[in-house]
1. Residues with beta-carbon under 9 Å from that of LEU191, excluding LEU191: net charge, scoring Lys, Arg +1 and Asp, Glu -1?
2. Above 52 Å lies some portion of the pair distances; for the chain, what is it as a whole percent of all C-alpha pairs?
3. Size of the dipole of the chain about the Cα centre, Lys and Arg at +1 and Asp and Glu at -1 on the beta carbon, nothing else charged, in debye to 20?
4. Residue by residue through segment 204-218, which ³J(HN,Hα) values in whole Hz follow from phi under the Karplus form 6.51 cos²θ - 1.76 cosθ + 1.60 (θ = phi - 60°), with glycine and proline marked x?
5. Near the amide H of THR60, under 5 Å away, which other amide H atoms are found, from residues 5 or more places off or on another chain, if H is placed in the peptide plane?
6. Can you give the percent of C-alpha pairs in segment 171-288 whose distance is more than 21 Å?
7. Take the alpha-carbon positions of segment 732-780, form their convex hull, and give its projected area averaged over all directions (one quarter of the hull surface) in nm².
8. In whole Hz, what ³J(HN,Hα) sequence does segment 774-781 give by Karplus (6.51, -1.76, 1.60; θ = phi - 60°), x for Gly and Pro?
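What follows is calculated from the coordinates using simple rules that are stated; it is not laboratory data. The model shown is predicted, which means the values in this text are computed figures rather than measured ones. Backbone-built Cβ (ideal geometry, glycine too); neighbour counts: all protein chains shown.
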Amino acid sequence: MLRKNPGFAAVVTLTLALGIGANTAIFSVFNSVLLKPLPFREPNRLVIIWETDTKSRVVTSPVSSSDFLDWKDQTQVFEQIAAWRFLYFNLSGRDEPERVQGLTVSASFLPLLGAQVQRGRTFLPEEEQLGHDKVVVLSDALWRRRFGEDPSLVGQKIDIEGEPHTVVGILAPTFQIFRVLNRSLDIYVPLTFDRGRLTRRDHDIFVYARLKPGVTLGHAQSEMDVLYRRLEHEYQQTNSYRGARVISMSEGFAGDIRPTLLLLLSAAGFVLLIACANVGNLALARAIALQREMALRATLGASPWRLLRQVLTENLILGLLGGTAGTLVASWGIHILNDLVPYQAVRRLRDFSLDTGVLGFALVISLLSGVLSSIAPALRFARLRDLLKEVGRSSTVGLRSPRMASLLVISEVALAVALLCCAVLLIRSSLFLHGMPRGFNPDNVLTTQAWLPRAKYSNGHQVANFYREVLQRIDKLPGVESASAINFPPLALQYTTVSFTVDGHVPASADEVLNARCSVISAEYFRTMNIPLLSGRSFNDRDADETHGVAIVSASMARRFWPDSSPIGHQIRPQFTQQRHFWIPESKNLPLTIVGVVGDVRNEGLADSNLPQLYLPYLQNPSSIMNLVVRTTSNPLRWANAVRSQVWAVDKEQPLFDTKTVEDIVADSFGRQHVLASLLGTFATVALLLAAVGVYGLISCAVRQRTHEIGIRMALGAQSGEVLRLVLRQGMGLTLAGLFIGLFAALAAAGLLRSFLFGVRPTDPASFASVALLLTGTTLLACFIPARRAVRVDPMVALRYE
C-alpha cells in the first residue's frame, strides 16, 4: 500500500523525522545531564558537602579548611572525604609557556572518584604536608598534547609556577571530570594544610565525600547537624549561625538546569504533537480517498478491527520510518548541540551522544507517533454503517473536510501559537540583555589574562612593577588607543566580592552584611572602557603609597550610602581574607578613602547584579591575576600577537590565557539565555511551518473534494472573488479559532517563563501581537494558494469531476 503512494509515504516520513529528531536531540541533553549516572565509581554514594550560613541565608558556601579537618576527624558516616580548590598553573620549559587549569586536591580526591592512572600513581597522604607537595598528576590530554606521550615522563621534573614538580602519575583517558570556563582540567597537585596557620574565617575549599555502604543522605545530614552544634559551642565567634548541607553529587552537578531542560523537552514535544497532527490529517485525507475501497472490504465481510488493524499497521511502519530518519536528524542536531551549548551552561561532564538510552527513547516516540497518527482515520473507519451510507451519496455530500481534520488543524495552530509566543518572549529577553546599555563601550577592546606565579613574583611590588612595565609597552603600540588592566573584566563569569563597612553607616540590623563587587584596576581603566568619571578623580601613579589607601565607588553605591552628600573623602573598610588566593588582592592599606565616583556598570543577568561596585588601584592592591584590557582602532584580535610579544619582552616565561574581545565576554555571560532562546526559536519556526503546511493540506483537500460543488456555483454565476472568499473563509476560520485558543495557552505557559525573562513581561502585548500577525499572515498565504487554484477551475470540467 505504501509503495503505491511513495509521495504520501515520503511526506509523512519527513514530517515525523522533524518531530522525532528534535525530541531525540533534546532528550540526549536531558539524558546526559540528569539521567545518566556520573562517570565515577559507585556514583550513587557520592555527595557534595557545603557549609551554610543562616545569618546571611547562604545555603551553598565553600568550606573552611579547619571545619573540613574536623569533619575528617570526627565523622563516622563517610568512607572517604576529600577537599579541592580550583587553580591556574603556568607551565614553562620544553615549549612556549602555557597556562592550564587544574585542581589542588587532598590525597583522597582522585581515589574517591575512582580515577585510574595509566602510568605512575596518585597522591600519598604524606604529600599533603608542606615540603612534600612538589608532585603532580597530569591529565591524559596534557600528556599527549604538551609532552608527546613521553613514556618516561613519570619520575621527571617539570616547571609549574616557576618551581620544579615531580610527575608521579598520568591519568587514564577514561577519567572525566567537570570543566571550568568550558576548558578541561589538566593538572592536579596536593592540597596542603598547615594546621598552625589555618583560620576558620576563610571559606575557600570544596568538599566531596563517599558515604559508607548503607548510609543514607538523611543519616549523613543528621550527623553533620550534631557535629555543627558541637563546633558552634567550641568556636562561638566563627561557627555561630553556621551549618553543613549534604546533597547527592548528581543533584549538585545538575544544579538549576532541570527547569531549562524540561522547558526545552516540552517545546520539542509540542513540535512532535504538531507533526503527528499533520500526519493524522494526511492519513485522514488518504482515508477519505480510500473510503470506497474500505466500504467494499466491509461489504465483503471485513470487521472494524480488520480495517483498524490495516490503518494502525501502515502508520506504525510510517512511524518507524520517521524514527529512522529522525535518528539521522537527531545525530546531526546532537553534533550542533555539542558545539552550541557551553559546558558551564548545563554543567555537563561529557559530550551529548546518541547512546542506547537515547535510541530507545527514539523508538518509543516513533511507535507513539504512529499510534497518534492513526487515531483520526481509525475513528472514521470504525463507523462502518456511516461509511457505507456516505459512499452511496452524491459526491457533493459528505465530502467536506471532516470535523476531525478541522480539530487537528486548530490544535496545530494553537500549539504553534503557544510555542511561538514563548520563543518570542525569550528571544526579546535575550536581545534586551545583549543590547542594553552596560555603562561601558565594548567595541574594539581586547582582553587577555595573565597569572603571575608566586615563586617568581613573591611580593606585591614585583607584581605591580610587572604590570606597570607591560602596560607602558602595550600603550606605545601603533593602533592602540589605551591600555589598562583589571583583575576580572565586567560581565566575566569570574569576579571577586568583598564584605565591607562604611564609617558612619548605621546597620539596618545586627545581621546586616555589606558586600561589593571588587575590581582591582590600573589608572587608565576607565578611559579604556569609556566609563564616565562623575566626580572626584581617577587613580594615578601617586596612589602607590600603602599608608594612604584610596578607592573609587560606583554611582549606585554613592547614592545608597551618601544620598544627601558627596562620598568624596569618606572612608570604607573592606574585609579581605588574610590567606593568599589568586582571586584575592594583596591589600594592607586600610581604611580606604573615596577619591572618585564613576558611572554604574550593569551586570544584570548575573548573581551579583545588585551589588555595589568598588574599585581599588592595583599599585596599592596588587593581584596575581589580571586581565590586560586594550582598546584598538579596529578589530582587536589583530593586536593579540603584538600584546603577547610585549609581555614576553618583560618575562619570556609568562603565558597569556583566554584572549578574546569584550564583546565575546558579553555574549558568553548570557550563554544559557542565548542557547535557550536559539533552541526555542528553532522549534517555534519548525512548528510554524508545520502548522502552515497543515492548513495548506486541509484546504487543498477540501478544494479537491468540493471541485464539483465549485463547478456548480461558477456555472450558476458565482464570481471568482466569491469563490476565493469562500475558500479563504474556511481556512482562516480554523486559523483564528486555533489562534484564539493558542493565545490563552500562551498566557498560561508564559507565566512559567518568568524566571527566564529579563526586561520583558510574560504578558508582553507586543510579543503576542507579533505572533498573531506572523501566524495569520503565514496561514493566509497557505490558504491563498489552494484558493487561487479553486477560482481557476473550468466549470465544465468541474461538473464532470468525480
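1. Details: positive: ARG85; negative: GLU128, ASP133.
In short, -1.
2. The proportion of pairs with Cα distances above 52 Å equals 31 percent.
3. Its charge dipole is roughly 3760 debye.
4. 9, 10, 10, 10, 10, 8, 10, 5, 5, x, x, 7, 9, 4, x
5. Sorted by chain and number, the residues that satisfy this come to none at all.
6. 69 percent
7. Directional mean of the projected Cα hull area for segment 732-780 stands at 3.4 nm².
8. 5, 5, 4, x, 5, 6, 4, 5
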